[in-house]
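Each remark here refers to the structure printed beneath this line.
Please treat every number below as a calculation from the coordinates, not as lab data. Everything quoted here is computed from the prediction, not taken from an experiment. Using ideal geometry, Cβ is built from the backbone for each residue, glycine included, and neighbour counts are taken over all protein chains shown.
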Amino acid sequence: MSGYTRLPLGFRFSGIWRLQSGTPWGPEQGGDLNGDGLSFNDRPFIFAPDQFPVKIPNSITGASAQAVYVAATREVYKG
């Protein structure tokens, strides 16, 4: 809310009143992701589905099997 009033000699007096409820929210994770020494302010990075890093188990050895595993895992991530 804001407003003003006229004062003598051509002056105006104005003010702004602001009210806010709650606090800003964002996803956080435990730990110091960016190495700045603070562990409470780090936001997790959300990958695009086609860039999601996938760790392939050692038991999957063929290139085509690895590609299928990566595609299936990224599809689950895309959800």
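Residues Thr73, Thr61, arranged from fewest to most other Cβ atoms within 10 angstrom of their Cβ, appear as Thr61, Thr73. Neighbours of Tyr69 by Cβ distance under 14 Å: Lys/Arg scored +1, Asp/Glu scored -1, total +1.
Pull out a ≥ b ≥ c, the square roots of the eigenvalues of the alpha-carbon gyration tensor of the chain, then state rounded if a/c is under 1.5, prolate if not and a/b is larger than b/c, and oblate in the remaining case.
Taking the square roots of the gyration eigenvalues as a ≥ b ≥ c, the chain is prolate.
Note: relative contact order over the chain, using C-alpha pairs below 8 Å and six or more positions apart, is 17 percent. Only DSSP H runs of four or more residues enter the estimate; each adds -39500 (n - 2.57), and after division by the residues of the chain the mean residue ellipticity at 222 nm equals -6500 deg cm²/dmol. Modelled label positions at Phe52 and Leu7, each set 7 Å beyond Cα in the direction of Cβ, lie 6.1 nm from each other.
3J(HN,Hα) along segment 16-21, derived from phi through the Karplus expression 6.51 cos²θ - 1.76 cosθ + 1.60 where θ = phi - 60°, amounts to 10, 10, 10, 10, 9, 10 Hz, with x in place of Gly and Pro.
Gain on full extension, evaluated as 0.36 nm per residue between Ala65 and Thr23 minus their Cα-Cα distance, stands at 10.4 nm. Report the calculated FRET efficiency for Val76 and Asp42 (r = Cβ-Cβ distance, R0 = 25 Å), to the nearest 0.05. Rounded to the nearest 0.05, the efficiency is 0.50.
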